[in-house]
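Structure first, commentary second.
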Amino acid sequence: MDVIACVKLVYDEAQIPVEDGNLLIEQAPVKISDADLNALEEAAQIKEREEGNVTAIVVLTGPFDEAVLNEVLAMNVDRIIIVEGKEVRGHNPYRTAQAISKVIQRENINYDIILCGEGTSDQYSCALPAIVGEMLSIPVITFAGRLEINKGRIRAERYLESGFEVVEAPLPAVASVTPEINEPRIPTVLQIMKAKKKEKTKVKASDLDLNYPDIELIDMKAYMRERLRQRIEGDMNKAIGKIMRVFEEKGVIR
Amino acid sequence: MRALLFSDPSNLPKLVSASKDIAEEIHAITWEKIAVPVDRLEVIKGALVNDCWVSQLHEEIKTFDLMLMPATRDSKEIASRLAAKRGLPYISGALSLKASDGLLTTRVVFGGRGIEELKISMPAVITVNLDVYEPSFGEPKSVEERKIECSSKISSIKERERKTDVDLTKAQVIISVGRGLKKKEDLSMIKELASLLGAEISCTRPISADLKWLPEERHVGMTGVKVKPKIYLALGISGQIQHAVGFRDADTVIAVNTDPDAPISEISDYFIVENLYEFVPKLIKAIREKRKEKSN
Ligand SMILES: Cc1cc2nc3c(=O)[nH]c(=O)nc-3n(C[C@H](O)[C@H](O)[C@H](O)COP(=O)(O)OP(=O)(O)OC[C@H]3O[C@@H](n4cnc5c(N)ncnc54)[C@H](O)[C@@H]3O)c2cc1C
Ligand SMILES: Nc1ncnc2c1ncn2[C@@H]1O[C@H](COP(=O)(O)O)[C@@H](O)[C@H]1O
């Protein structure tokens, strides 16, 4: 059972400094997009159960950090394919999906299942997995909170606003997973050391002949709201008194 | 501009509101008859999986400038697949739409820390975040009902549950619980407080998704509901950005947390460093007393 995991490197949103209403994105450290850790963990578990290879594909739409690539490889990934070049920079799920589909075909990567995160930590479009499925003409299963693979078929619990839907499809297929599906492993230092020696293939985006509808980024600002930030510590009566006054001001207690 | 709307019945009235400002002509497709003021309403029956909707809408979309859907998980899949099939630009989870030599949209990024403005050409496919819209009701100018058959490689084994009528976006007071709550039974204390305040109960994603103590439609945040109550009382919630973006538009945020350094301390109006198990019973008592006082 060969698995492809699609992994995005992102700036850590929790650590982006803000100055005058602007986000200083580039000053934040780079990390693996949160739900992609779950995709990697699920890929590793499938490989450990069924034998086969895990290939990670990273399209460098944003930041790059060699150390983070090694973290990807340390999650029992066999090799990593990196698509790079100005042609793929910036957020455009169609373009990124096309880069992934084309690189899978060009490099002849075997797969029974392609795993993605439900959505990225920075953009959360939840678009790429579905588009890859369309481009490769394979079944699409999104928001899987549980996956089972049995006799060439995949069964998934899709995790929706209204509860669960259980679906089944033949392999090969693409699935996006939610953070609830598993607990991602934390690689040991030794595993990270070993990861450094694993195969990293770089592919130039300019060789993939990408064509896609454009999305133009006009502006980006911080989306914060200032709060009073009054702290009440160590005095329960004062806390209750304060909250009761707020309730009364807001007309909550009738 | 002509817009085609595709939505589950419960989100359609809000989606109509979102499209009214930019579209002159609105056609809507859903699967139950519902009174919305559109030019044409198509009710398509047949218990269809996403796959079937993709192939169905793929034909319907051809004559429209804009295809709009709610930003639900199913729609996000259907919308992105349609856009890919037709080679159209797709924007996911738009907060606002404006026509101006193409289409301007805004959307939240970086888990809620940023908001970006994007421009695309039309025709295009958009999923819209409907939490800020009021529903529009009225008679459609024309209605067509039909049933279609569809076979797909993907089969639905277990039918999904139906959404209930809870609309947290309307709540004036919200009591929200996070993992500071130790067991499901403790919700009874929260419910008691909620009923005293006429409040709705909401939660963080781990409470609904991991623990399943509350239904999924009650989780607040980036992947859940965005609320705008007068008061948001956060009990045992750390205040990760993915949750916090959901209560950004609340008037007043009160947080109770045992950890004096919890991130929510930075994004609340009143940050109370207390154990919720001591705080909540005392608050219930104080409200009861206050009420007695008032009725005397
Ligand atoms: C792609 C993605 C999307 C996500 N979307 C969402 C979303 O939409 N909504 C969402 O909520 N989360 C979302 N999350 C998860 C989010 O990142 C956080 O993990 C989650 O919000 C944390 O929930 P919590 O505050 O309940 O739990 P924790 O972070 O574990 O916090 C529990 C808090 O309770 C406090 N506490 C413990 N005991 C007590 C006590 N007795 N009294 C008072 N306080 C106590 C602790 O000090 C702590 O601060 C998403 C994550 C990902 C990866
Ligand atoms: N640049 C990228 N490189 C590799 N995989 C990606 C990239 N962007 C998105 N993905 C995958 O697609 C999923 C959904 O991304 P998105 O549609 O941007 O929310 C992510 O969780 C990844 O698995």
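The values are calculated or read from the model by the stated rules, or taken from the named source; none is laboratory data. Keep in mind the model is a prediction, meaning the values are calculated, not measured. For neighbour counting, all protein chains shown are included, and Cβ atoms are generated from backbone atoms with ideal geometry for every residue, glycine included.
Report whether or not A:LYS31 is closer than 30 Å to B:THR72 by Cβ, near ligand 2 (Cβ under 10 Å from one of its atoms) and either away from every other protein chain (no Cβ under 14 Å) or at pLDDT 95 or above (or both). No. Each residue in region B:241-260 was checked for being in contact with a helix residue (DSSP H, G or I) (Cβ under 7 Å, 6 or more places away or on another chain) and of a type in the set (Ser, Thr, Tyr), and 1 pass. The listed residues are B:LYS184, B:LYS147, B:LYS170, B:LYS153, and the only one of them that is modelled with pLDDT of 95 or more and surrounded by fewer than 15 Cβ atoms within 10 Å (Cβ to Cβ) turns out to be B:LYS184. Within region B:72-128, the set of residues being more than 8 Å from every other protein chain (Cβ to nearest Cβ) and under 21 Å from B:ASP249 (Cβ atoms) comprises B:ALA94, B:LEU95, B:SER96, B:LEU97, B:LYS98, B:THR105, B:THR106, B:ARG107, B:THR127, B:VAL128. Restricting attention to region B:236-250, does a residue exist that is more than 16 Å from ligand 2 (Cβ to nearest atom) and surrounded by fewer than 16 Cβ atoms within 10 Å (Cβ to Cβ)? Yes: region B:236-250 contains one or more residues that are more than 16 Å from ligand 2 (Cβ to nearest atom) and surrounded by fewer than 16 Cβ atoms within 10 Å (Cβ to Cβ). Out of curiosity, is A:VAL83 within 12 Å of ligand 2 (Cβ to nearest atom), away from chain B (no Cβ under 14 Å) and under 22 Å from A:ILE16 (Cβ atoms)? So A:VAL83 fails the test. The single residue among A:ILE240, A:ILE186, A:ILE253, A:ILE192 that is surrounded by fewer than 12 Cβ atoms within 10 Å (Cβ to Cβ) and either free of Cβ contacts under 8 Å to residues at least 24 places away in the same chain or touching a helix residue (DSSP H, G or I) at 6+ places or on another chain (Cβ under 8 Å) (or both) turns out to be A:ILE186.
A:ILE131 meets the stated requirement of being out of contact with any Cys (no Cβ under 8 Å at 6 or more places or on another chain) and either more than 16 Å from ligand 1 (Cβ to nearest atom) or not in a loop (DSSP other than H, G, I, E, B) (or both). Just one residue in the set A:ALA44, A:ALA35, A:ALA67 is surrounded by 18 or more Cβ atoms within 10 Å (Cβ to Cβ), small (Gly, Ala, Ser) and more than 16 Å from ligand 1 (Cβ to nearest atom); that residue is A:ALA44. Evaluated against (1) farther than 30 Å from B:GLU42 by Cβ; (2) near ligand 1 (Cβ under 8 Å from one of its atoms); (3) among the β-branched types (Val, Ile, Thr); (4) under 17 Å from the mean Cα position of the chain (by Cα), B:VAL177 falls short on exactly one condition, (4). For region A:7-26, a residue qualifies if it is hydrophobic (A, V, I, L, M, F, W, C), surrounded by fewer than 23 Cβ atoms within 10 Å (Cβ to Cβ), assigned to a loop (DSSP other than H, G, I, E, B) and within 16 Å of ligand 1 (Cβ to nearest atom), and exactly one does: A:ILE16.
Within region B:241-258, being near ligand 1 (Cβ under 6 Å from one of its atoms) and at pLDDT below 95 holds for one residue alone: B:GLN242. For B:ARG146, the criteria (1) closer than 30 Å to A:GLU168 by Cα; (2) part of a helix (DSSP H, G or I); (3) more than 10 Å from chain A (Cβ to nearest Cβ) hold in every case but one, which is (2).
Just one of the listed residues (A:GLU134, A:GLU148, A:GLU118, A:GLU161) is at the interface with chain B (Cβ under 10 Å from one of its Cβ atoms) and touching a Lys or Arg at 6+ places or on another chain (Cβ under 6 Å), and it is A:GLU134. Among the residues of region B:9-23, which ones are at pLDDT 95 or above and out of contact with any strand residue (DSSP E or B) (no Cβ under 6 Å at 6 or more places or on another chain)? Of everything in region B:9-23, those that are at pLDDT 95 or above and out of contact with any strand residue (DSSP E or B) (no Cβ under 6 Å at 6 or more places or on another chain) turn out to be B:PRO13, B:LYS14, B:VAL16, B:SER17.
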